[in-house]
Amino acid sequence: MRFAPAAAALSLVLVTTASVTIASDRTPDARAALLQEQGRAALAKGESQAAIDAFEAALAIDPGHTALFVDLGEAARQVGLQGKAIAYYREALAREPRNFAAMSGEGEALAERGALEKAKRSLAQLESLCGATCPETQALRARLASGVKPRIAADTGDSKPASN
């Protein structure tokens, strides 16, 4: 009887850990995977809207496929919608907290939005989890080192007007 609460807590932790592990290892729906590949091909050609359409269609088929949120973030960044990209990356991270591509993408979007301190914190977190030599860490570090200029498609209303 003394060990019942501890045993219950331990079993809850094991069930949660097992379900998270299983969720990240699942294979996506074949139709969603095909649409994802079409979207990636369109993104590589610079056809951002076609890529977004393909990724969103794939997400409608398989809403549990986390990699689609990372792809949508990349597409949003390509058209200058860094705020939307950050939201997609954060959704991917909520589903898979150790998704290094989402961490790197979020850091790059933050830098492109002008939030360099937040981007540097993302880099530090990525380095601590993934290491200094992993591709995602190197991509974010290179982006920060390149002297990122903000790329925002439209005024979001959160910037102050320039004074004369």
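Placing a pseudo-label 7 Å from each Cα along the Cα-to-Cβ vector at residue 26 and residue 142 gives an inter-label distance of 3.4 nm.
For residue 121 and residue 94, the difference between the fully extended length at 0.36 nm per residue and the C-alpha to C-alpha distance is 8.0 nm.
For each of 71, 53, count neighbouring Cβ atoms within 10 Å of the residue's Cβ, then give the residues from fewest to most. Don't skip to the answer; put the middle values down first.
Numbers: 71 24, 53 16.
In increasing order of surrounding Cβ atoms, one gets 53, 71.
As a length-normalised measure over Cα pairs under 8 Å and 6 or more apart, the relative contact order of segment 27-145 settles at 17 percent.
Read the figures in this text as sums done on the coordinates, not as results from a lab. The structure displayed is predicted, hence computed values, not measured ones. Virtual Cβ from ideal backbone geometry, glycine too; neighbours counted across all protein chains shown.
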